[in-house]
Each structure stands twice: as structure tokens, then as C-alpha cells.
């Protein structure tokens, strides 16, 4: 689980820290910086997959097939107000060796990476990187730029310091600075096995990240049974739901959730094949009425996609969900939040969700409220800021009173409090 994200000069954040829990809700207006936090998570995700910086910022193709879409704005807009560098720090708890996801037996990793942006439109390059672990008092690795490098982005750009085998001093290894050290060290034969295990544990955790933004068009497409990876736009929804329904308990639970969401009395799911063998999801009601994905409402499909992401056989460890409340009726949103919280508390998944609506806070449990944050800007200032919502004065009493009208004025109350202090 990612417990902390610290940004320096990244997008509209000059210096901001986000503290995270199993479920973290980000509240903010348009242009406050919520999507920039998504970009920060995508940046560390791209690095963990072994992409070099041009690929992280641009696109990644494998055998002619697009595998990755770059960071919005590229290198020209990634740093705060034209700065020549930015830094991202993360603190992550991962299951200890041999422990399963959700186990309380976890190791802590702290990772920091700084990226230099060339003013002459040259390639971006890593200027500093470090990984620490509580497995041992020494660092896992750290690098400094090589003085022998004549170019800031030379293939001989930096030296990496890692502990030697059996505590025999420090090894210094040279790597190009166009790619994170995470993946490069893991493949190096001079890196001790203990460090390789630490690197793999941390990197694999960041690899298991998904960024969902379901599209009604994509969710209505047919798919082949066995396609159990839900696409970020909701592709393969029918086959993922098909896989979930192979478990009788999950099939029954899924029908109950749909019944709570809609006036339909759904008792089962049907999967009708076409001439190619692809299947399409249909909702079966107690009166025999069948509603296919073609005719189901956008909100129902979005609800199903978010559930499928969490319950599916190929679920990720981390999900970033933009505008969680989009397409879901306000009186039914609590159902989705309840389901997400249930699985997040078990350690099966970590979710970061954004919303424009402070009213969502009233639907969260007390524990989840402690991890909710406001993303905001003060007046005409360009700088994005992050504040834990429960730290804003009088928020607790407003929530206890269920005064939703006062909840909608979080930014003003925070601004007034900052002005007085």
C-alpha cells in the first residue's frame, strides 16, 4: 500500500504531500490538480514497468502495438512553472517475503527520484534516485551523477552505490540516466540477492496499478470468454463478469448489488455468444426480462465495471478512479463506496478516487474520512495544495450534523482559516 506521495515542482504542485489509506478520496474543483496527482502515480507506474523517460512522457510501442500513453503535457508541462527539474517521493508498505496481499506482516520502502528537464528541448534525465528499506539499516541503492559525464544525459550519466555481498563494502555500478535504476539493478549480476529481492518487491507493487475511466461504448463491446483483464476504458466487461460469475457466491453478491442500485429485480446473469464466439452480458430479472449491455444504462454499466475491477480474477493492487460519482445516482453512491471500503479494509486493494462533490464525504466511514484530502488553489495563485479534510476547522462537527450545504464550502472555510493563521 502506498502511504505517502510527496511532490516537488511536479505539474501545479510546488511542494505538496498526499497521505493515503486503503481508500483515499480526493475532493476538488476543476483545475485544482486532481488529474495531476493521477499523472504522478502514472509516472511512477511507468518507471516500475521499465520504460525509459522518453517512453514515460511519450508513448511505448511493443512490436508495433501501443502499450502506454504518455504523461499529459509531456516534458514541456511536467515541471512547476517551467522549472528545470521535479522530484517524486513515495513511501510504500508491501507484504513481507512469503506473506500474502493484505497481511499485516509488511516491509516499508521509501523511494525518491528527481528528473531534470532540459531547457533546450533535449531529453529528460534522472538526476538523483534512492531506495531505502526497513529490511536492513543500509540503503538498497543510491546514485550520484558521474563527474566523468560530459553530457547531462550521457549513457555514462551516473554511478549507483549498492551494498556489496556479505557486507563487503559498497559496489559502484554505472547506468544510463534515461531510465529508473529500479529495473536496471534487478537484472545486474553484481547486485546482491537481498537487494534484488527488495527491488522486486517494491517494483512489483508499483506495477500493479490501474487507472480506470470506463466508457459506455467500450463496456458494450462483446469479448471472448477467458479475457479476464478489464481494460481501462471498460473493455472486456462481459467476459470479466462471466469469470466472476463462475464463483456462485460472487455471482449472487453481484446480483444483490445491482438490485440495490437499480429498481430491477436481477436474479442472474446471462452471456449470449455471437457467431464469432464473443459474449455479451445480459441482466436477467425475476420476471424473465433480459436487459443486454446494449440497453443497460451507462450508470449501471459503470457500476458493474468498477465492481468487476475489484472482484475480477486479474484484479490489480491499486486503482485510481477519476470522478467516482460520475453516472451513479447520488442516493446509490454509498453502495459503491461501501463495496470499495469493504475490500480495501481487507488489504485486497487500494483505491484513490476523485470527486467534485464534498457531499461524498458524508457517505464515508469515519476511518475513510481520515484519509480524505482536499486538492485546492488559493485565489489566483497557480500553486496546487493538498490538505487533509479532517484537519480543516469544524469539518468534524459539520459531518456529525449531516449539514451537506456547509460541506460544499470547504475551500472557503480553509482559506479563511489560513488567512487568520
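The values are calculated or read from the model by the stated rules, or taken from the named source; none is laboratory data. Being a predicted model, the structure only gives us computed values, none of them experimental. No Cβ is skipped: glycine too gets one built from the backbone with ideal geometry, and neighbour counts run over all protein chains shown.
Data for the structure
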{"read-out": "Matching strands (runs of 3 or more DSSP E) fully within the stretch 1-119 where at least 3 residues are surrounded by fewer than 21 Cβ atoms within 10 Å (Cβ to Cβ)", "value": "2-10, 13-19, 59-62, 65-69, 85-95, 106-116"}
{"read-out": "Members of the stretch 245-255 found to be assigned to a helix (DSSP H, G or I), in contact with a strand residue (DSSP E or B) (Cβ under 9 Å, 6 or more places away or on another chain) and either surrounded by 18 or more Cβ atoms within 10 Å (Cβ to Cβ) or in contact (Cβ under 8 Å) with a residue 24 or more places away in the chain (or both), listed by number", "value": "254, 255"}
{"read-out": "Selection count, the stretch 177-198, where residues are in a helix (DSSP H, G or I) and closer than 17 Å to residue 52 by Cα", "value": "6"}
{"read-out": "Test: residue in the stretch 367-383 that is in the same structural domain as residue 22 (by TED's automatic domain parsing), at pLDDT 90 or above, out of contact with any strand residue (DSSP E or B) (no Cβ under 6 Å at 6 or more places or on another chain) and in a helix (DSSP H, G or I)", "value": "yes"}
{"read-out": "Residue check, residue 37 under 29 Å from residue 95 (Cα atoms), touching a residue at least 60 places away in the same chain (Cβ under 8 Å) and touching a strand residue (DSSP E or B) at 6+ places or on another chain (Cβ under 6 Å)", "value": "no"}
{"read-out": "So residue 199, is it under 26 Å from the mean Cα position of the chain (by Cα), within 28 Å of residue 142 (Cα to Cα) and either outside the structural domain of residue 303 (by TED's automatic domain parsing) or modelled with pLDDT of 90 or more (or both)", "value": "yes"}
{"read-out": "Meets criteria (farther than 22 Å from residue 207 by Cβ, without any contact (Cβ under 8 Å) to a residue 40 or more places away in the chain and assigned by TED's automatic domain parsing to the domain that holds residue 133) for residue 105", "value": "no"}
{"read-out": "Residue satisfying condition, being over 29 Å from the mean Cα position of the chain (by Cα), touching a residue at least 12 places away in the same chain (Cβ under 8 Å) and surrounded by fewer than 20 Cβ atoms within 10 Å (Cβ to Cβ), within set 298, 274, 314", "value": "274"}
{"read-out": "Residue in the stretch 346-362 that is on the phi > 0 side of the Ramachandran plot, assigned to a loop (DSSP other than H, G, I, E, B), in contact (Cβ under 8 Å) with a residue 40 or more places away in the chain and out of contact with any strand residue (DSSP E or B) (no Cβ under 6 Å at 6 or more places or on another chain) present", "value": "yes"}
{"read-out": "Given (1) under 21 Å from residue 324 (Cα atoms); (2) at pLDDT below 80, number of the condition residue 394 does not satisfy", "value": "(1)"}
{"read-out": "Residues of the stretch 208-237 satisfying the condition of being surrounded by 19 or more Cβ atoms within 10 Å (Cβ to Cβ) and part of a helix (DSSP H, G or I)", "value": "219, 237"}
{"read-out": "Selection status of residue 327, touching a helix residue (DSSP H, G or I) at 6+ places or on another chain (Cβ under 9 Å) and within 19 Å of residue 38 (Cα to Cα)", "value": "no"}
{"read-out": "Tally, over the stretch 277-295, of residues that are touching a strand residue (DSSP E or B) at 6+ places or on another chain (Cβ under 9 Å), touching a residue at least 40 places away in the same chain (Cβ under 8 Å) and surrounded by fewer than 17 Cβ atoms within 10 Å (Cβ to Cβ)", "value": "1"}
